Amino acid sequence: MWRTSVATVMLFALMSLTQAQDARKSGFDFMRPATQALQMDDTQNPGMLWVKDGQMTWAQKDGAANKSCTDCHGDINRMRGVAARYPQYSLVAKRVINLGQQINQCRTTQQQAKVWPTEHPTFLGLEAAITMESRGQPVTPPSQPLLADAQKRGETLFNQRIGQVDLSCRDCHDSLAGKRLGGNTIPQAHPTGYPIYRLEWQSVGSLQRRLRGCMTAVRAEPYPYGSTELVDLEAYLAMRAAGMRLESPGVRP
Amino acid sequence: MTRALVTVPKTAKRGEIIEIRAVVQHPMETGYRRSSEGDLLPRDLIRKFSCRFVESGNANDTGAMVFAATLHAAIAANPYLSFNLRAASSGTLVFNWEGDNGFSHREQVAMTVA
């Protein structure tokens, strides 16, 4: 009998320990209840319009190979857990790539079609539809030596002061998280909701678009879409958010 | 590519008040904003939304108007509308959005009332 109670006590001790240690919060937790409600309800979340487009695109034949994603991958629900691993090292690309780049890789090498242009709505829809299959799953970056290098480079970028305002990502997203900047609450910069529907954009956008926005805000020159630097930052953010639950399509102010 | 999400309960009890929700993908460009190059972005709005009810067995009928709205420039992109109806009989709800530049989108959803 006492064995169980000791075990129970230890379990509780362990649980409160992990809870006390995990002060991480999704951007969702910093939002007003009305915005949270918009994200929580798939019948209202405008991001679902893009998802629907993506789900239809999944089954459409395209490119010189005249193949659809379904032809090789089956139903989109087979993508469960995939988004939770990205960015990851790709044997085909021989570098660390994000989920969007993986989609474009299949598009060019498998479908033999043209790459989706940056922030193309159908492309974002496809990415959101695939990510939604991992909704509720923990962010789980794989352990790969070259991914670890990218995470390290990303961490350096995260800590580096940039722009005329001379602030690092960490200055805002660690030290000042929860405080207000103009009309916005500074979140902790977890990538769990991406691609997101952002009210300010009135559309869905990628994590890279968000990161570039933060760079412009401190009057730094943003890294180009698809650059190694942005993917490195994404890899670091995923590591920093490891274990947190995916929630795409997120809604953000 | 226009996409819409309409939410209608599949079944309802006769007399029950049901909630209908409809979101449509549309920029709702006001005509007052400028692009990053400084050019005025042409107005592009949805002007009208309607929902008609076609009773089962009356497929050729255009049905009865059960809800309609006029939309204006102050309404956000991807407008979301929700309204309540009293379920009277089985049939199809036909949703219609119309706007500038010949914009038109239609969705229909069947509902069983028992």
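A short reminder: the numbers here are calculations on the coordinates, not readings from a lab. What you see is a predicted model; the values in this text were computed from it and never measured. Backbone-built Cβ (ideal geometry, glycine too); neighbour counts: all protein chains shown.
If I ask for residues that are within 16 Å of B:Ile17 (Cα to Cα) and not in a loop (DSSP other than H, G, I, E, B), which ones from the stretch B:100-114 would you list? So that I can check it myself, show each step before the final result.
Just the residues of the stretch B:100-114 that are within 16 Å of B:Ile17 (Cα to Cα), to begin with: B:111-114.
Across the stretch B:100-114, the qualifying residues are B:Met111, B:Thr112, B:Val113.
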Considering each of A:Arg161, A:Arg219 in turn, give the residue that is among the basic types (Lys, Arg), over 27 Å from A:Arg32 (Cβ atoms), touching a helix residue (DSSP H, G or I) at 6+ places or on another chain (Cβ under 8 Å) and surrounded by fewer than 19 Cβ atoms within 10 Å (Cβ to Cβ).
A:Arg161
Regarding the stretch A:78-101, can at least one residue be identified that is within 18 Å of A:Leu207 (Cβ to Cβ) and of a type in the set (D, E, K, R)?
yes
Among A:Gln60, A:Gln44, A:Gln36, which is the only one that is surrounded by 14 or more Cβ atoms within 10 Å (Cβ to Cβ) and more than 16 Å from A:Pro187 (Cβ to Cβ)?
A:Gln44
Test A:Ala93 against the criterion of being without any contact (Cβ under 8 Å) to a residue 40 or more places away in the chain and closer than 21 Å to B:Tyr80 by Cα, and give yes or no.
no
Counted residues, the stretch A:224-243 - those being under 16 Å from A:Pro142 (Cα atoms) and either surrounded by fewer than 20 Cβ atoms within 10 Å (Cβ to Cβ) or β-branched (Val, Ile, Thr) (or both):
4
Quick one: what pairs do we get from the stretch A:37-65, first residue at the interface with chain B (Cβ under 8 Å from one of its Cβ atoms), second of a type in the set (A, V, I, L, M, F, W, C) and surrounded by fewer than 21 Cβ atoms within 10 Å (Cβ to Cβ), C-beta under 6 Å, 6+ apart or different chains?
A:Gln44/A:Leu38
Can you pull out every residue in the stretch B:64-76 that is touching a strand residue (DSSP E or B) at 6+ places or on another chain (Cβ under 7 Å) and in a loop (DSSP other than H, G, I, E, B)?
B:Leu71
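Could you count how many residues in the stretch A:63-73 are closer than 13 Å to A:Ile130 by Cβ and exposed (fewer than 15 other Cβ atoms within 10 Å of the Cβ)?
Just the residues of the stretch A:63-73 that are closer than 13 Å to A:Ile130 by Cβ, to begin with: A:69-70, A:73.
Subsequent filtering for residues that are exposed (fewer than 15 other Cβ atoms within 10 Å of the Cβ) retains A:70.
Number satisfying all stated conditions: 1.
Please determine, by comparing only the residues of the stretch B:1-31 that are among the polar types (S, T, N, Q) and outside any strand (DSSP E or B), which one is nearest to the chain's Cα centre (by Cα). Let's see the steps before the verdict.
At the first step, the residues of the stretch B:1-31 found to be among the polar types (S, T, N, Q) are B:2, B:7, B:11, B:25, B:30.
Filter again for outside any strand (DSSP E or B), leaving B:2, B:25, B:30.
Values: B:Thr2: 12, B:Gln25: 11, B:Thr30: 19 Å.
Of everything passing the filter in the stretch B:1-31, B:Gln25 is nearest to the chain's Cα centre (by Cα).
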B:Ile18 - would you say it is touching a Pro at 6+ places or on another chain (Cβ under 6 Å), within 14 Å of another protein chain (Cβ to nearest Cβ) and surrounded by 13 or more Cβ atoms within 10 Å (Cβ to Cβ)?
yes
Mind checking which residues of the stretch B:77-99 are among the aliphatic types (A, V, I, L, M) and part of a loop (DSSP other than H, G, I, E, B)?
B:Ala77, B:Ala87, B:Ala88
For the stretch B:32-63, which positions are assigned to a loop (DSSP other than H, G, I, E, B), in contact with a helix residue (DSSP H, G or I) (Cβ under 9 Å, 6 or more places away or on another chain) and away from chain A (no Cβ under 14 Å)?
B:Pro42, B:Arg43
Some residue of the stretch A:193-212 being closer than 19 Å to A:Gly154 by Cα, of a type outside the set (Phe, Trp, Tyr) and exposed (fewer than 15 other Cβ atoms within 10 Å of the Cβ):
no
